[in-house]
Structures are given as C-alpha cells and as structure tokens.
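A.B. asks: Once you've had a glance at the structure underneath, I'll fire off some questions.
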Amino acid sequence: MTLAKPANAGASAIEWQRRALIFLCALAVALSLAWRGDSCGHDFDFHIQSWLAVAQQWHQGTFYQHWIEAANYGAGEPRFVFYPPLSWMLGALLGIIVGWSAAPIAFTLIVLTACGASMNKLAREWLTPNAATVAACAYILNPYALFVAYERTAYAELAAGIWLPLIILYAVHDPTKLCHPERSAEGTKSKDPHLVSTSIESSHPERSAESAKSQKPQFQRSPLVTNTIPLALTIPAIWLTNAPAAVMACYTVAAITIWKSITQKQWQPILNSAISLILGLGLASFYIVPAAYERRWVDIARAIGPGMRIEDSFLFGHTGESFHDQVLHAASLILVAMLVAIYILVWTIWKRKTAKTLLLPLSVTAAVLFALQLPWSNVIWRFAPELRFLQFPWRWTLVLSIVFALSLGAAALMRSTRPTESKFRFHAAAIVLAGIAAVSLGTWLFWQRCDEEDAVSAQVAVFQAGIGFEGTDEYTPLGADNSLIQQGLPKLRLLDDADAEVAFTGSNHDDGNPDYIPSDKDHLPIQARIERWLPEDKTLVITAPAPGFAVLRLMDYPAWQVTANGKPVTNRTHRGDGLMTIPILAGLSRIDVRYRATSDVWRGRALSIASFLALLGVWLGSQKRRKVI
C-alpha cells in the first residue's frame with residue numbers, strides 16, 4: 001500500500017528551500033570574511049571597541065551602559081547615551097559566545113539573514129513566493145549592502161536594514177484592503193497568478209487547500225492589531241538600532257501615510273500612523289529622551305562639521321579631502337548604478353505587464369531619492385527636522401536598496417505555465433550565479449585590509465592593557481578639548497594647582513608601590529587609595545595635610561554625582577582638557593563618584609513605561625474579534 005502524499009508537502013519543501021536560499025546568500029557574504037579575514041572598514045574600530053566595553057561592564061554587573069571608559073585614553077566619554085544600544089549589545093553577546101575575532105563575521109551573517117527574511121515578508125505583499133525570494137536575495141547582495149558590510153563596516157546601519165522593510169510593510173499594508181482594492185475586487189477574477197491583483201490564495205495554493213478543508217469559523221483581528229501595533233513595535237526597534245536610519249524611516253512613514261490619505265481621501269491613515277509613531281517613539285524614549293536632551297552637554301555640532309555636512313556630500317561632490325572624496329565617489333557610483341538598474345527593471349515590468357501596481361511607487365520613490373542627492377535640495381536638508389544629522393545624502397541608498405530589490409523581484413515574475421518546482425529551480429540557479437558574482441565583485445571592490453593595530457586581536461590586547469584609545473569628538477563634553485588629554489595618565493593625581501600637568505616629581509616616586517599616586521606635593525606626606533574604579537562607579541580615599549586638588553583620569557560630565565565625605569561637590573574646577581578636578585581639604589577625604597540617572601533619564605523611562613501600558617491597552621481592547629463566515 002502506498003500512502004498518499006499530502007497536497008501541501010511539496011509546497012512546504014519548496015518553502016524551506018526558499019528560506020535556505022536566503023540564508024545561503026547571507027552566508028556567502030560572511031564566508032568571504034571568514035576566508036579573507038575581517039574587513040577593517042571605516043567604523044570597524046569604533047564598533048569593536050564598543051563591543052569590548054559592553055562585555056566588560058556586563059561582567060561587572062552593569063547591564064545598560066552609559067559611559068565607555070577606554071575612550072580618550074581612559075578618561076571616557078558618554079558614548080552609550082547617544083549611540084543606540086541594539087547593535088553594541090548584539091556585538092558584545094557574539095563576542096562572548098563565539099570569540100572576538102569571529103564576532104564581526106557572525107554579526108554580518110545574522111543581520112543579513114534577518115534582512116533577507118524581512119525583505120521576503122515585504123515582497124510577498126505584492127509578489128509570488130519565488131519572486132519574493134529573488135527580492136530578498138537582491139536586498140542582501142545589493143552593492144550598497146556590500147559597501148556597508150565591507151568598506152564602511154557600519155554595523156548599526158547594516159542592522160537597521162532589518163527593520164526598514166517591515167516598517168514600510170506595516171505603513172503600506174491596510175487590513176481593510178483599502179490600499180489594494182484590486183485584491184478584493186479583482187483578485188478572484190484574475191487568471192494570472194503573477195499580477196499584483198492576485199488573491200492571496202492564488203499565490204499560495206497550500207493556503208487555499210487548507211482553507212477548503214477547514215470548517216472552523218475564522219476571525220478577523222482589528223486593524224490596530226494587524227497594522228498599527230506592528231508598526232508601533234518596529235519604530236522603536238529601528239531607533240534603538242541606528243539613529244540616521246530611524247530618521248529616514250520616520251520620513252518614509254510620513255510620505256507613505258500622506259500618499260495613502262490622498263488616494264483614499266480620508267484621514268484614517270494619518271490617525272493610524274500617528275498612533276503608531278507616538279507609541280513607537282514613546283517605547284524608545286528611555287534612549288531617545290536622554291540622547292536628545294543631553295546633546296546640550298556635548299559638542300554634538302562636531303558630528304556635522306566640515307566633511308560631515310550634507311553640502312559636502314552631494315552626488316559626485318569634491319571637497320579636496322582625498323579620503324572623503326574617494327568614499328563619496330564610491331557611494332555616488334553605487335547610487336547611480338542602482339538607479340539605472342531600477343529604471344531598466346521598471347521598464348521590464350511595464351513591458352511584461354506584471355506587478356503593475358508597483359510601477360508608480362517604485363519610479364517615484366527612486367526619483368525622489370535621486371533628487372535628494374543634488375545640491376538644489378540643500379534647502380530641504382537644512383530645514384527638515386533632524387535630517388542634517390544624516391551627514392551624508394547617500395545614506396538614503398539604504399531605502400533605495402529596498403526599491404532595487406522589489407524591482408528585481410517584480411521583473412523576475414514569470415508567466416510561464418511551468419510547475420512551481422521548475423520555476424523555483426530556475427530562480428535558485430539564477431540567484432546562485434548572481435550571488436557568486438556579487439560577492440566576488442563586492443569583496444574585490446570594498447573589502448579593507450586590516451593594519452596590524454586594527455586587527456581584532458590587537459584591539460583586544462590594547463583594551464585589556466587599559467591603554468585606551470582616541471575619543472569621539474562629538475561626544476566630548478562642552479568646554480573641553482579631548483585632544484589635550486595625555487596618554488598614560490594615572491587614575492588620580494594630587495596637585496596644588498588645578499591646571500598643573502606635573503605627574504610626579506622625584507622623591508615621591510615609588511614604582512614598587514601599586515597604590516602610588518603621582519603628586520607635585522613632594523614635601524607633603526600624602527596617602528591615597530583607590531578602593532573602587534569601575535566605569536560608572538569610583539571610590540577614592542585621600543589623606544592630605546593641606547588643601548589641594550584631586551584630578552581624576554575621567555572626563556567631567558553633568559551626570560557624574562560627586563560626594564566628599566558624604567557631601568555633594570558641586571564647585572568642581574574646570575580644566576581645559578575636561579578632566580574631573582575635585583577640591584580636597586586637609587585631612588581625610590572619602591570621594592565617591594557615581595554615574596547617576598539625571599532627570600531626563602527618568603522622564604524617558606517614565607514615557608517608555610507609559611507607552612508600553614498604552615500599547616498593551618490598545619492590544620487588549622482590540623481583542624474583540626468580528627466573526628467572518
């Protein structure tokens with residue numbers, strides 16, 4: 001007796017093969033790194049240093065960090081207040097699990113696999129499963145993704161690519177099918193399984209087979225569950241991953257919402273998106289509020305200084321700074337190449353008359369993103385809120401890569417009557433060949449050789465030795481010049497004058513004493529002991545026969561709470577290099593330095609909690625379902 005094969009067994013097997021193909025595309029990018037070694041791109045050091053610092057503080061019991069101690073050669077900076085947490089937490093976790101040398105490879109593999117999965121989900125809103133797989137692989141292997149992964153090693157921006165397709169999906173998708181009326185009106189009439197107007201059942205035969213067998217009544221969730229709530233969850237996800245990408249995502253949602261409102265001639269899309277944005281931004285407020293408020297405490301303007309301004313990076317611009325111009329030239333070529341490819345693909349879609357609903361959105365989006373690369377758009381960049389902090393107009397190529405992937409997927413739609421398995425094999429073979437070519441070309445063009453000091457092993461050695469590294473200019477506290485900080489400073493110096501730079505003078509020098517504190521008070525018997533020295537928690541005990549100043553190897557910052565013998569120290573003397581300077585009195589001084597949660601931090605946390613409760617209330621309220629026969 002032969003058992004009958006389930007009707008959907010073949011479809012399920014092909015579905016797993018599609019997923020495996022997406023994973024293999026991400027694996028190809030990661031394997032090139034495993035073969036040639038880590039690519040030490042523009043931001044490589046920044047991310048590895050952050051990952052190491054986070055792992056160190058986890059071991060010390062601090063889960064959510066604000067301060068990175070190793071920056072500014074041990075004086076530290078509030079990097080984690082301003083840089084979103086998800087990428088450095090994932091990198092630190094991978095470093096602990098797989099080792100620091102393998103962490104960048106594992107990070108790239110995981111992130112690109114997730115990018116492919118989210119793009120696949122977006123593409124299936126309009127395309128057949130095979131064509132959506134093509135779009136997902138194109139999203140992973142597009143030249144900008146390889147540029148970010150290899151040459152820029154901007155790991156947070158790479159990770160932001162996970163959330164953008166989902167944000168666009170939930171912004172566009174309307175459970176009432178108002179944004180795709182042809183699906184309900186014409187979907188069941190269409191005989192072409194590759195048009196956008198195809199019903200969900202025609203592009204997923206296994207679903208219709210299951211529906212026919214099922215006699216149970218189905219329930220339709222409220223639009224808030226299927227649209228508003230998912231968007232409200234993906235908005236904070238991208239804000240907690242990469243701030244420039246989050247700004248682009250919010251503008252993208254606004255553009256989609258306006259388009260939906262105009263085409264549907266109603267205000268409901270604006271209301272739904274506004275609810276999602278308010279709840280989403282509220283959920284991420286524990287990060288957004290401190291990052292926005294505490295910008296007044298640091299020299300954030302240096303993030304958009306010469307070479308980092310929008311007007312310095314328009315398409316094929318020239319500033320005379322060789323490194324900047326080389327990167328701008330490469331980014332411009334990538335953007336133009338993708339634009340040309342998109343319009344060729346759009347022409348192909350128009351000729352084939354497939355996925356015709358995508359033609360206008362793809363064409364208009366590509367044109368708008370191109371216009372933002374031209375100098376005349378500078379007025380938009382200047383006055384649109386937060387847009388100038390993107391620094392480089394070509395960062396919009398991250399959104400353009402979604403347009404590119406959808407265009408390629410739509411152009412790959414096939415009208416032939418060949419079986420699904422045969423069509424999948426054709427697509428798979430094409431993807432494999434294109435993937436090999438893309439990764440080979442991307443590695444050749446963008447992979448960056450590591451200098452000896454940039455290698456992960458060298459950075460780990462420097463970090464463990466406590467030498468520290470150069471700080472980030474825009475995170476330097478106002479009024480301080482981090483270029484004045486000396487390398488190799490002791491943790492504590494006792495000085496007669498707050499601005500003195502004398503580290504030690506002869507008679508007090510004792511190399512054999514681990515608690516020795518360099519001082520310019522050679523004639524005074526000073527005793528000092530460091531009881532605790534953690535990145536965000538320090539305790540020192542000093543006995544001095546005369547008043548003086550304790551200068552710590554620590555950048556002063558308003559979030560530091562300093563007490564001496566239990567009393568707050570607010571009259572701290574300012575130094576040009578920004579190091580914390582604490583006046584001490586004669587006798588015993590017990591100094592405690594703690595990084596405290598300031599009022600803006602508490603406000604952010606309160607907003608996050610309130611938004612979570614509001615979202616929970618919306619979800620519970622939407623559980624009233626309407627029976628669908």
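Every number in this text was worked out from the coordinates using simple rules, so none of it is lab data. The structure displayed is predicted, hence computed values, not measured ones. Here Cβ is always computed from backbone atoms with ideal geometry, including for glycine, and neighbour counts include all displayed protein chains.
A.B. asks: Name the shape class, rounded, prolate or oblate, that the alpha-carbon gyration tensor gives for the range 218-372, where a ≥ b ≥ c are the square roots of its eigenvalues, rounded holds for a/c under 1.5, and otherwise prolate holds if a/b is larger than b/c and oblate otherwise. Walk me through the intermediate numbers first.
C.D. replies: Details: a/c = 2.71, a/b = 1.12, b/c = 2.42.
Oblate, because a/c is 1.5 or more while a/b does not exceed b/c.
A.B. asks: Ranked by Cβ crowding within 10 angstrom, fewest neighbours first, how are E157, E151 ordered?
C.D. replies: Lowest to highest Cβ neighbour count: E151, E157.
A.B. asks: So what are the range 554-601's ellipsoid semi-axes, whole angstrom, largest first, if each one is the square root of 5 times an eigenvalue of the alpha-carbon gyration tensor?
C.D. replies: Equivalent ellipsoid of the range 554-601: 19, 15, 8 Å, largest first.
A.B. asks: Cβ under 9 Å from T62's Cβ, T62 left aside: what net charge do those residues give with Lys, Arg +1 and Asp, Glu -1?
C.D. replies: -2
A.B. asks: Can you pull out the GluC sites (Glu not before Pro) in the range 243-327 whose DSSP state is coil and whose Cβ has at most 15 other Cβ atoms within 10 Å?
C.D. replies: E321
A.B. asks: When Lys and Arg each count +1 and Asp and Glu each count -1, what net charge do the other residues less than 15 Å away from W394, Cβ to Cβ, add up to?
C.D. replies: On the way: positive: R152, R309, R388, R395; negative: E151, E157, E311, D312, D325.
With Lys, Arg at +1 and Asp, Glu at -1, the neighbours total -1.
A.B. asks: Using θ = phi - 60° and the Karplus relation 6.51 cos²θ - 1.76 cosθ + 1.60, list the HN-Hα couplings for the range 377-388 in order, rounded to whole Hz, with x at every Gly or Pro.
C.D. replies: 7, 4, 5, 5, 4, 6, 9, 5, x, 6, 5, 5
A.B. asks: Taking neighbour Cβ counts within 10 Å as the exposure measure, how do R572, R449 sort from fewest upward?
C.D. replies: R449, R572
A.B. asks: Next up: Once phi is turned into ³J(HN,Hα) by the Karplus curve 6.51 cos²θ - 1.76 cosθ + 1.60 with θ = phi - 60°, what whole-Hz value does each residue of the range 162-172 show in order, with x for glycine and proline?
C.D. replies: Using θ = phi - 60°, the values come out as 5, 8, 4, x, 5, 4, 5, 4, 6, 6, 7 Hz.
A.B. asks: Is the C-alpha gyration tensor of the range 527-614 telling us rounded, prolate or oblate? Criteria: a/c under 1.5 is rounded; beyond that, a/b larger than b/c is prolate, otherwise oblate.
C.D. replies: Working: a/c = 2.87, a/b = 2.36, b/c = 1.21.
Prolate, since a/c reaches 1.5 and a/b exceeds b/c.
A.B. asks: Now a separate question. Hey, which of these cross-link pairs are over 20 Å Cα-Cα: K491/K538; K265/K353; K538/K567? Could the numbers behind the result be given before it?
C.D. replies: On the way: K491/K538 10 Å; K265/K353 27 Å; K538/K567 15 Å.
Pairs exceeding the cut-off: K265/K353.
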